[in-house]
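Encoded as structure tokens, the structure appears first; notes follow it.
What follows draws every value from the coordinates through simple rules; no lab data is involved. On a predicted model such as this, the values are computed, not experimentally measured, just so you know. Cβ placement follows ideal geometry from the backbone for every residue including glycine, while neighbour counts extend to all protein chains displayed.
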Amino acid sequence: MSAAKRTSAPEAGIELPVILELDNITKRFGPVIANDGISLTLRRGEVVALLGENGSGKTTLMNVLFGHYVAEDGEVRVAGKNDNLVQLAPGSPQTALEAGIGMVHQHFTLAENLTGFENILLGVESLFGLARGRGAARQKVQNIVRESGLAVDLDIRVSSLTVGEKQRVEILKALYRDARILVLDEPTAVLTPQESEGLFEIIAKLSAGGLAVIFISHKLHEVLAASHRMVILRGGKVAGKLVTADADRTMIAEMMVGRSVPGSKRSAMAPGEIILKFDGAHVDGVDARRSLHNASIEVREHEIVGIAGVTGNGQAALAALISGLVKPDKGSVQFLGERVSKFTPKSFMDAGIGRIPEDRHHDGVVGAMSVAENLAIENLEDGRFSSNGMLRFAGFREYADAMIDTYDIRCSGPDAETRLLSGGNMQKLILARVLDCEPKLILANQPTRGLDVGAQTDVHNRLLAARERGAAIVLISEDLDELFALADRIVVIHAGNLEDAGAIENLDRTSVGLMMAGHQDEARAS
Amino acid sequence: MIRMEPRTEISRRMTIIAPVAAVLVALALASIPLLAAGQNLFEAYGLMFKGAFGSAFAISETFTRATPLILTGLAAAVAFRAKFWNIGGEGQFYLGALGAVVVGTGAISAPVWILLPLVLIAGAAAGAIGLIGPAYLKTRFNTDEVVTTLLLNFIILLFVQMLLQGWLKDPMSLGWPQSSPIVDEALLPPLVGRLRVHAGLLVALGAAIGVYILMRHTVLGFRLRAVGENPHAARHAGISVSRTMLWAAAISGALAGLAGVSEVIGLKGYLTSDISPGFGYAGIVVAMLAGLSPIGVVISSVFIAAIFVGADSMSRAIGVSNYIADLVVALSLLCVLVGGVAARYRFRWMGLKGREV
């Protein structure tokens, strides 16, 4: 793998003027201090990465910067004329925009049925201007495109652009509004590795042209590739500030988590019997995201098969099929050598299939119910939890106490409301529920999304332990680091097609990345 | 502009304070028309209270009125817990009453200990069947149950009117559209001497306890809550959402049906097409005021019954229209809904220029 070429940081000797200063920002939500005296300066032409785990205060800080929240304490100052720093009126997104702060959110805010060009003009030019002053506007957009290298067809509807192209439109939109400070919130979450590298090149070019960039991420290798400096947040405070050239991964990870993080070790193991087999399984979904074409795959005992792919390429259909939520329209699914005829979540669980869903809030837990109830929900009819249709609270409590202990679920007790748990603890709850039944097959769909490094390691170790025990595991992930750390084999999913990439030992990230992009990009890249 | 930020935690106390505060605000708001009518507030509300609780007769009237409300309130609470919006309590009420009439007017002669349960079961079953249809349509075709259950109310009421003009018409009624009287063996006895409060109240209280046990202590209740709170997670965890929904509908319909039975065999003794002054709809208010808690339903039923009975009495005494009762009940519901929002969000004044992007 090759990281995008890092432009040299602004020379230490020539101090470029400060363009943005966040001074001692403090923001509370009730008893929770989301930002605790955070200070940050940004100079012209600088790329500063804002790193931190979920809940470390990154998003809150950016919402304060952008005027969505009013901080209890502290000031935001932006360079005005003559590089004088002027305090920004708090709580007004409009002033933030006028001061030249542009933000590209994780979820795009484009009107899908307008062209890219119209989207860029929308909200800036008056409605009459949209019709009249197009000449001047187009000239300006073309200049920006030429200078930044953000090439994208602006005259077709946004709905027919790829995710990476939509992101370019978002950036162009910010630049058109004369943004001097660009905030990118987790910009690579939806991109293939190749697209990410392309983005880093553009960021490098833009910053060389004087744009100041704040790059929010929790992926270490990206931050190392794309930033000049980094500010690491932990628990709402600044945990450290580093110059990227002097930083390394373990150092950053330790700052993020606050302790050293041992990685997971995968030991070599010979795969055993075939547990799960798809034979030309076909799912016609309502859209491409939920469709699977003629999929064939085998997963064996003691084996983790990693499904690599950019989100929205049919993973949802694959996961639904293994969860018993849909049945194949064509082809067959075999489990333990027998053709599966009944596709319901219940029959799948009873057969010994454990499922870790992608969206734990949506599919994994009932937030308004207690930890004990969520732990028992898949086995209500088990003698431990009920007899003759009546619930046995003692059984609930006993089981929950044991699981809270074994899986280190941090909560106020078995009766704690589940929605109050942190993402990591919610995931531990689901892991406890799934793994305690010792399933023969485990579907782990994005099992570490949104988790901090410590919780990630915990999930990884649990999955590896299950593999050791003899479970077959299907691991769907968009994080190549995770796949390369855990999987024995990689199967790439693209546009609903599965393609076996082979044993992990013979693979590298570039080739998997190319397959994730669906090959046709290969020509463009080379 | 005012901005709303969701609160991270809603305190438990809030669930009790909110409805009580809502009721007080509603009474305060209702005093505006009372004042406009030139009445002394203390006198008016005092008369209302006396009319509802001031004598054995008054208390009996209040609990008589509360009996069907408890049952329709429970019906709404069970369905709403599963996020099945049953607006058809009124229709199921009439189906239940119809069931009681079909079985209890002499078609079967049996001793009281057979006939009385039979009548109750027939009415409950009729109500349940009346709601299973819309529930099936929802689980199968995802039709909007608010529309189907609401419209069924009118269909069922017209159907009852048709029967009362035809097959079920009492030949001895001198032309009035009413059913034959219920036989003695199928009547619920009065509870206290010659007062109107009847054993239907015990049925209603028993049902409240039953619903409490169902929701808290049974596997079905667990499933019902899970489906209501997060159907996706429930389905993922192997709970059949459609089957649970059908159960919720059957129980809800049966409870509303029982309300109809209780009015026919406990109070009136026969069926007319105006036997319910909107008990089915009032049950929705009762359930919302109670925060869907079955024990809360009993309390809010007594409150709403007291408002109606008290307002009647007040209007007789000082000549203010008894529509004031409808006003108080409607305002209470609105206040509870607003209170619910207030409990969930924190309000922030952003100044006139604060604009959202």
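Some points to look at:
- Per-residue Cβ neighbour rank within 10 angstrom, fewest leading, A:515, A:390: A:390, A:515
- Rounded to the nearest 20, the size of the Cβ-charge dipole of chain A about its Cα centre is 760 debye, with Lys and Arg at +1 and Asp and Glu at -1.
- What the phi angles of the stretch A:408-422 give under the Karplus curve with 6.51, -1.76 and 1.60, with θ = phi - 60°, is a coupling list of 6, 7, 7, 7, 6, x, x, 8, 4, 5, 5, 5, 7, 6, 6 Hz, glycine and proline written as x.
- Selection among B:180, B:73, B:266 by position relative to the dipole of the stretch B:66-292 gives B:73 as farthest towards the positive end (Cβ unit charges, Cα centre).
- Listed values for the stretch A:165-179 are Karplus-derived 3J(HN,Hα) couplings in whole Hz (6.51 cos²θ - 1.76 cosθ + 1.60, θ = phi - 60°), namely 5, 4, 4, 4, 4, 4, 5, 4, 4, 5, 5, 5, 7, 6, 5, and x replaces Gly and Pro.
- Since only A:305, A:207, A:141 are under comparison, the one whose Cα sits farthest along the positive direction of the charge dipole of the protein assembly as shown, derived from C-beta charges on Lys, Arg, Asp and Glu, is A:141.
- Using a Förster distance of 45 Å, the FRET efficiency for residue B:173-residue B:42 (Cβ separation, nearest 0.05): 0.50
- Placing +1 on the Cβ of every Lys and Arg and -1 on the Cβ of every Asp and Glu, with no other charges, gives the protein assembly as shown a dipole of roughly 1460 debye about its Cα centre.
- For peptide B:218-231, the mean count of partner chain Cβ atoms within 10 Å of a residue's Cβ comes to 5.
- Proximal lysines relative to residue A:241, as straight alpha-carbon distance under 24 Å, when same-chain residues fewer than 8 apart are discounted: A:5, A:27, A:58, A:205, A:219
- Beta bridges per DSSP with both ends in chain A, % antiparallel, nearest 5: 55 percent
- Distant-in-sequence amide H partners of residue B:178 (H built 1.01 Å from N, under 5 Å): B:170
- Cα-Cα pairs of chain A separated by more than 29 Å (percent): 57 percent
- Separation of alpha-carbon centers, the stretch A:143-166 and the stretch B:175-196, rounded to whole Å: 78 Å
- Spread over its residues, the convex hull of the C-alpha atoms of the protein assembly as shown is 215 Å³ per residue.
- As computed over chain B, the Cα convex hull volume per residue (Å³): 180 Å³
- Candidate lysines - alpha carbon under 30 Å from residue A:277, same-chain residues fewer than 8 apart omitted: A:265, A:327, A:330, A:342, A:346, A:428, A:440
- Cα centroid separation - the stretch A:244-318 against the stretch B:229-299, whole Å: 47 Å
- Dipole check for the stretch B:66-292: with +1 at the C-beta of Lys and Arg, -1 at the C-beta of Asp and Glu, and the Cα centre as origin, the magnitude is about 640 Debye.
- Relative contact order %, chain B, counting alpha carbon pairs below 8 Å whose residues are six or more apart: 37 percent
- Sorting A:184, A:483, B:116, A:16 from the fewest to the most surrounding beta carbons within 10 angstrom yields A:16, B:116, A:483, A:184.
- Packing-based ranking, highest mean first, of B:162-173, A:393-404 given that Cβ atoms within 10 Å are counted: A:393-404, B:162-173
- CD proxy at 222 nm, helix term only [per DSSP H run n ≥ 4: -39500 (n - 2.57); per residue of the protein assembly as shown; nearest 500]: -15000 deg cm²/dmol
- Across chain A, C-alpha contacts under 8 Å between residues 6 or more apart give a mean separation that, scaled by the residue count, equals a relative contact order of 15 percent.
- Amide hydrogen proximity for residue A:211: with H placed 1.01 Å from N in the peptide plane, the residues at 5 or more positions away or on another chain lying under 5 Å are A:45.
- Going from the residue with the fewest nearby Cβ atoms within 10 Å to the one with the most, A:293, A:218 rank A:293, A:218.
- Most positive-pole-ward Cα, A:96, B:103, A:221, against dipole of the protein assembly as shown from beta carbon charges: B:103
- What the phi angles of the stretch A:53-61 give under the Karplus curve with 6.51, -1.76 and 1.60, with θ = phi - 60°, is a coupling list of 6, 4, x, 8, x, 4, 5, 4, 4 Hz, glycine and proline written as x.
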